[in-house]
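Scroll down for the structure; my scribbles are underneath it.
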Number of protein chains: 4
Amino acid sequence: MINIAVLGYGYWGPNLVRNFQETQGVTVACCCDANSERLGVVQAKYPSVHATTCYEEVLKDPSIDAVVIATPVATHYDFARRAFENGKHVLMEKPLTASVSEGEKLVDLAEKHQLTFMVDHTFIYTGAVRKMHEIISQGDLGDLYYFDSVRINLGLFQRDVNVLWDLAPHDIAIMEHLVEGMPVSVCANGACHVGNGIENVAYLTVYFDNGFIAHFHNNWLAPVKIRTVMVCGSKKMVLYDDMETSEKIKVYDRGIEIGRTEDVHDARISYRLGDMWAPKLETTEALRLVAGEFADCVTSGRTPVTDGISGLNVVKILEASEMSIKRRGKEVKL
Amino acid sequence: MINIAVLGYGYWGPNLVRNFQETQGVTVACCCDANSERLGVVQAKYPSVHATTCYEEVLKDPSIDAVVIATPVATHYDFARRAFENGKHVLMEKPLTASVSEGEKLVDLAEKHQLTFMVDHTFIYTGAVRKMHEIISQGDLGDLYYFDSVRINLGLFQRDVNVLWDLAPHDIAIMEHLVEGMPVSVCANGACHVGNGIENVAYLTVYFDNGFIAHFHNNWLAPVKIRTVMVCGSKKMVLYDDMETSEKIKVYDRGIEIGRTEDVHDARISYRLGDMWAPKLETTEALRLVAGEFADCVTSGRTPVTDGISGLNVVKILEASEMSIKRRGKEVKL
Amino acid sequence: MINIAVLGYGYWGPNLVRNFQETQGVTVACCCDANSERLGVVQAKYPSVHATTCYEEVLKDPSIDAVVIATPVATHYDFARRAFENGKHVLMEKPLTASVSEGEKLVDLAEKHQLTFMVDHTFIYTGAVRKMHEIISQGDLGDLYYFDSVRINLGLFQRDVNVLWDLAPHDIAIMEHLVEGMPVSVCANGACHVGNGIENVAYLTVYFDNGFIAHFHNNWLAPVKIRTVMVCGSKKMVLYDDMETSEKIKVYDRGIEIGRTEDVHDARISYRLGDMWAPKLETTEALRLVAGEFADCVTSGRTPVTDGISGLNVVKILEASEMSIKRRGKEVKL
Amino acid sequence: MINIAVLGYGYWGPNLVRNFQETQGVTVACCCDANSERLGVVQAKYPSVHATTCYEEVLKDPSIDAVVIATPVATHYDFARRAFENGKHVLMEKPLTASVSEGEKLVDLAEKHQLTFMVDHTFIYTGAVRKMHEIISQGDLGDLYYFDSVRINLGLFQRDVNVLWDLAPHDIAIMEHLVEGMPVSVCANGACHVGNGIENVAYLTVYFDNGFIAHFHNNWLAPVKIRTVMVCGSKKMVLYDDMETSEKIKVYDRGIEIGRTEDVHDARISYRLGDMWAPKLETTEALRLVAGEFADCVTSGRTPVTDGISGLNVVKILEASEMSIKRRGKEVKL
């Protein structure tokens, strides 16, 4: 039985507690939050969970095996560092850390102490992304050409991070999971329309070493809610529309054919239209699978699908994007 | 009565001939194309139109008042220069010219000879764009924040120009028509997936002097056909979806409210959701209005809504985008 | 303070308990269900609620002012009758009763005992239907012509009632609420495809005394989920699409114009296309408003918007539809 | 070479002339219309076509092999009768005739004279319906359960026939083509809202001898344009949405499973959700295939896919629907 402590009972904490409660082999032993009112809520709902405002208490408790950190990103590094130093496994909310250097230190610490370090990139565990991964990893799309995502709506303006730090981690993590190549540089453009210097609309391009390109459009000030990902390959293309209630994933048997000539510049490029297919998706709650994956990795010592390194890769792109966006799209090497 | 000659009877020429034929006060006197087979088609359909392969003949004919040029862009400059030098007004297909310097020379020539110089940015004359212009110019959106367009599909790969030169002129012209500020610089990112160095997917950002930002996504290799423009202001937002059969324009009474504080960094930003309104649009064929506008400007000496300068502004952005895309998003000043 | 008892803690009961708990002036004093396991759930969640399997206990308890009945329809009549005979107000789940005669007896009993009798036609209290009611009752649509609803999906096959009894009550109640005329007769067609004689696809037409017509399509065996209502008038038309996440209600300024002639048979009928408007809708949970309406009516003695008579009107149409559907669409007078 | 004469150059005639002109082995020798202005149009466009106002001339001309009749339905019978009596094959616009008795006489005449008699149910020749036919005829849907179609819009009010005669022939013909069972009776409901007794909204049910049911909703006064057909079977379901630009046909691997029990009334019915598949459709113009089918049948003596009998079957249902709609849904046997 793994005893876990959940840190932070704000927006996401209740979902974490509920899902870990329902996970075989896991006990939510403790919930820790600076706000005692929230602790009252958790205790009313789960009388068996010990509630505390004192993280020290958690760290010193030898019966706690693992810590799930769902606090503001600025606190991630410190909370995780102390967890590792006290021999506890860590599941971290996204984004992993506020900077690459923090993330690297945590990855090293976890490795040094031989502890599980996992990041909660929940979208990776949805039926839609799992199906895309299955399709892509078995080569159905052929050579991959580009990844294009749009995640926009009229949404909450964050006051400490820009719209890329807020919304792009989801899609960067999905890209990181689906695509095999190596990102080499980043360009970001955007604007702030409320006078506080925090971009509310942003466009991010990621270049890969193999000609692959990824683009992310994030916006807090859009008239409509759009959440789409397109992944295009030489044989087929996938469109993932998360706003669809059914048929979130559509696979298009479409593409181009390059005529054979001596010189590619003379080649006639025709296109091909075939069937479309919307596979049935698994509907298990993604966070349940996150909890299961974490529990299993803690038990077996296996590396999680979304380990600290994949969380760090997302932070690398975010940090570079921030350098680029302040320099109007200047290419920043990764 | 204005006598016009149409140069080029390829993809767009037949539409031009048909619409000018049906325009009051205009006679299509002549059609000129290097391909005599095409000329056979025009003559079978319009026996009154003189068909010729010889542009010299058109230039020397004093009864021809104006020339409509619908030939490949590489020929635009030369054909227009000679038309102006022979005292003929010019309506030019988009994009105006293959380079800014060519465009500038033509604008100067037209002015020097006091001749009408108009560019056929057809979209500007659609019911949808005219309605957007009406809404925006009467201030309904408030201060303008951004312009975002997506024009993608699985389409014909051009062999001489990249996807921005092919598809972006439509949307840049719309932006140029709707937005009042001054574009100052351009960043473009993209990739080529067929080995000939011509980008088939591209993202273009245009920065303005007043904080406004515009973005264009163009793609020849997309699984679905999307043609949208969003224009967002401080009071309202407009979504233009050209793939909708009705309700192409939707006006959203949505936006943000910035709480009043001493320091904007502390201000709470809330958002507001109101009604949506899809105004009825005029359905006159846009090219008919283009023909009418050209005829009217030739007659009256008035400057066209889409004059040579607006055509030139589009070319300026395209030329800068090409410099930027080859340098991975490097900002290029306009 | 009104003390209520909730009867039945199955599918809908938990929503009723939660909403009444959060309603000012109401205490959920008791929850009664034959299944003691379910009672365990309610008690764990609401320790202050008394849980019992014995309805007699509820009836005899003088501190209980009102009973909310969310049990199978076959039990509605008996439970409500005894509630009224014991001086308790009743909120009844839809459909009101299994037959018209039962419904009429309950309406009489409620009146005789001067007790509030309300039916939980939840849809009437949604933002969408309230907005439609506002628009229609202020005459925006002009003279009403027809009501057309489609409520289909791949859904649970009921084993005791056909698809009209299962799904149509929602839309018949909406029609009854929006339309003023008097329904005079009913025709229903349908089929059973599973061999048990219970129709799983059905079409219901309701004729009114003033030429108005209403039609309902209900289906448990459809490939897609559709939930639409169209209401058409002489001036405007409304489309209510409950599957839309935003813009559930669209008002179309469209209609026909009948040319003036001596003889209507010669009149030219042209049509008119105008703007579309999607008003912002209130988002308060409908069941919260149901709870509030019931509490207010119990307190004030006012007749509820969805009183026993409106519930009875729905049952009249359902009962007639069953007679008609078994006779292949034979008109059944109401 | 088959010489054909086209009767009627109104709305559909130009499409017929164009398509027959482009059909191998066919010459449009003659076009006949009472309106000489229209004949001027056809002659300007096709100088080789002989234009006449005199049908007698057509009938007496031995070089004319076949007549294509695209005149108002009231004239169909007489024009076709005389064509057959003069030894000419006939392609008839839909609906075949204004009554069943007229249709039967024509079918007999054609048989007696051994002439081809075909009805132009154009939709049968579209890529969408051909694909549905392929899917259904190879048994993919399993046992067929129902056919449901909606064809509504804000459209032209006809002055001589109601909305069923105007719009339903398309969908009845599609049903007749796809479904094998025998229709046995018809119920129709509807209303007229303009005072001339001609129904502008109508609902038609067709019962089959094997439990299959078909339903048609037609409406000239709807806020939106909808054109859908659902065909549901025991294994799969098809949705045909003619308003989609791509993916007009969607095949859903969905259905119900009836648990095995002694008594079907006790059987638990569960449902099954699988993949969706949108096959690529052929895009040849349907009317081109109609022209080809007619030419081929005239040449070979083969019976057309849409022969006089299938046209007559549609008229049988229309005639019965008119009897039923005037009697408020009374079942009319076929």
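The values are calculated or read from the model by the stated rules, or taken from the named source; none is laboratory data. Small disclaimer: the values here were computed from a predicted structure and weren't measured. As a convention, Cβ positions derive from the backbone with ideal geometry for all residues, glycine included, and neighbour counts pool all protein chains shown. The protein model used for the area step is the full one, side chains on, heavy atoms only, and it has no ligands, DNA or RNA in it. Shrake-Rupley method; radii C 1.70, N 1.55, O 1.52, S 1.80 Å.
Determine whether C:Val231 is facing another protein chain (nearest Cβ under 8 Å), buried (at least 24 other Cβ atoms within 10 Å of the Cβ), touching a helix residue (DSSP H, G or I) at 6+ places or on another chain (Cβ under 9 Å) and at pLDDT 95 or above. When the stated conditions are applied, C:Val231 does not pass them.
One residue is enough: does region A:239-255 have a residue meeting the conditions among the polar types (S, T, N, Q), outside any helix (DSSP H, G or I) and over 24 Å from C:Met243 (Cα atoms)? I'd like the intermediate steps shown before the answer.
To start, the set of residues in region A:239-255 that are among the polar types (S, T, N, Q) comprises A:245-246.
Now narrow it down to the ones that are outside any helix (DSSP H, G or I): A:245-246.
Among the residues that remain, those that are also over 24 Å from C:Met243 (Cα atoms) are: none.
Looking for residues that are among the polar types (S, T, N, Q), outside any helix (DSSP H, G or I) and over 24 Å from C:Met243 (Cα atoms), one finds none in region A:239-255, hence no.
Would you point out the residue of region B:273-298, among those that are assigned to a loop (DSSP other than H, G, I, E, B) and either open to solvent by less than 50 Å² (accessible area, probe 1.4 Å) or aliphatic (A, V, I, L, M) (or both), that is nearest to the other protein chains (Cβ to nearest Cβ)? Checked region B:273-298; the qualifying residue nearest to the other protein chains (Cβ to nearest Cβ) is B:Pro279. Only one entry of B:Gly87, B:Gly8, B:Gly40 meets the criterion of being at positive phi and surrounded by fewer than 19 Cβ atoms within 10 Å (Cβ to Cβ), and that entry is B:Gly87. Please find, within region C:307-328, the residue that is surrounded by the most Cβ atoms within 10 Å (Cβ to Cβ) out of those that are more than 19 Å from C:Leu178 (Cβ to Cβ) and out of contact with any helix residue (DSSP H, G or I) (no Cβ under 8 Å at 6 or more places or on another chain). Among those that are more than 19 Å from C:Leu178 (Cβ to Cβ) and out of contact with any helix residue (DSSP H, G or I) (no Cβ under 8 Å at 6 or more places or on another chain), it is C:Ser324.
Is there a residue in region C:307-325 that is assigned to a loop (DSSP other than H, G, I, E, B), on the phi < 0 side of the Ramachandran plot and modelled with pLDDT of 95 or more? Can you show your working first?
Taking region C:307-325 first, the residues assigned to a loop (DSSP other than H, G, I, E, B) are none.
No, there is no match, as no residue in region C:307-325 is assigned to a loop (DSSP other than H, G, I, E, B), on the phi < 0 side of the Ramachandran plot and modelled with pLDDT of 95 or more.
Yes or no: region B:256-266 includes at least one residue that is in contact (Cβ under 8 Å) with a residue 24 or more places away in the chain and in contact with a Phe, Trp or Tyr (Cβ under 6 Å, 6 or more places away or on another chain). The answer is no; no qualifying residue exists. State whether one or more residues within region C:52-72 are over 19 Å from the mean Cα position of the chain (by Cα), open to solvent by less than 20 Å² (accessible area, probe 1.4 Å) and without any contact (Cβ under 8 Å) to a residue 24 or more places away in the chain. Scanning region C:52-72, I find at least one residue that is over 19 Å from the mean Cα position of the chain (by Cα), open to solvent by less than 20 Å² (accessible area, probe 1.4 Å) and without any contact (Cβ under 8 Å) to a residue 24 or more places away in the chain, so the answer is yes.
Reported count of residues in region C:234-246, each being within 9 Å of chain D (Cβ to nearest Cβ) and open to solvent by 10 Å² or more (accessible area, probe 1.4 Å), is 3. Figure legend. Inter-residue proximity from region B:299-325: first residues without any contact (Cβ under 8 Å) to a residue 40 or more places away in the chain, second residues open to solvent by 10 Å² or more (accessible area, probe 1.4 Å) and part of a helix (DSSP H, G or I), beta-carbon distance below 8 Å, spacing 6+ or different chains. Indicated pairs: B:Arg302/B:Asp296. Considering region A:33-96, the qualifying strands (runs of 3 or more DSSP E), each wholly inside and each with 3 or more residues that are touching a helix residue (DSSP H, G or I) at 6+ places or on another chain (Cβ under 8 Å) and closer than 21 Å to A:Glu293 by Cα, run over A:66-69, A:89-93.
Only one entry of C:Val298, C:Val290 meets the criterion of being of a type in the set (Val, Ile, Thr) and in contact with a Phe, Trp or Tyr (Cβ under 9 Å, 6 or more places away or on another chain), and that entry is C:Val290.
Can you find even one residue in region B:188-195 that is within 17 Å of A:Ala191 (Cβ to Cβ) and either modelled with pLDDT under 95 or of a type in the set (A, V, I, L, M) (or both)? Talk me through it step by step, then tell me what you get.
Filtering region B:188-195 for residues within 17 Å of A:Ala191 (Cβ to Cβ) gives B:188-189.
Imposing the further condition that a residue be either modelled with pLDDT under 95 or of a type in the set (A, V, I, L, M) (or both) reduces the set to B:188.
Scanning region B:188-195, I find at least one residue that is within 17 Å of A:Ala191 (Cβ to Cβ) and either modelled with pLDDT under 95 or of a type in the set (A, V, I, L, M) (or both), so the answer is yes.
Among residues of region A:247-261 being open to solvent by less than 10 Å² (accessible area, probe 1.4 Å) and not β-branched (Val, Ile, Thr), the one that is farthest from the other protein chains (Cβ to nearest Cβ) is A:Gly255. Within region C:103-116, the set of residues being in a helix (DSSP H, G or I) and either open to solvent by less than 10 Å² (accessible area, probe 1.4 Å) or touching a residue at least 60 places away in the same chain (Cβ under 8 Å) (or both) comprises C:Gly103, C:Glu104, C:Leu106, C:Val107, C:Ala110.
Annotation note: Cβ proximity below 8 Å between a residue of region D:74-93 that is modelled with pLDDT under 95 and a residue that is in a strand (DSSP E or B) and surrounded by fewer than 17 Cβ atoms within 10 Å (Cβ to Cβ) (sequence gap 6+ or interchain) occurs for no pair. Of all residues in region D:195-209, at least one satisfies being outside any strand (DSSP E or B), free of Cβ contacts under 8 Å to residues at least 60 places away in the same chain, at the interface with chain C (Cβ under 7 Å from one of its Cβ atoms) and open to solvent by 10 Å² or more (accessible area, probe 1.4 Å).
For the structure I just gave you, tell me whether B:Arg268 is within 18 Å of the chain's Cα centre (by Cα) and more than 20 Å from A:Ala202 (Cβ to Cβ).
So B:Arg268 fails the test.
Being open to solvent by less than 20 Å² (accessible area, probe 1.4 Å), in contact (Cβ under 8 Å) with a residue 60 or more places away in the chain and either assigned to a loop (DSSP other than H, G, I, E, B) or of a type in the set (Ser, Thr, Tyr) (or both) is the filter here; which residues of region A:149-192 pass it? If the condition is that a residue be open to solvent by less than 20 Å² (accessible area, probe 1.4 Å), in contact (Cβ under 8 Å) with a residue 60 or more places away in the chain and either assigned to a loop (DSSP other than H, G, I, E, B) or of a type in the set (Ser, Thr, Tyr) (or both), then A:Ser149, A:Gly155, A:Phe157, A:Asn162, A:Ser185 are the ones that fit. A:Gly139 meets the conditions (1) within 14 Å of the chain's Cα centre (by Cα); (2) away from chain B (no Cβ under 14 Å) in every case but one. The failed one is (1). In region C:303-313 there is at least one residue matching the filter, namely being within 28 Å of the chain's Cα centre (by Cα) and closer than 30 Å to D:Arg327 by Cβ.
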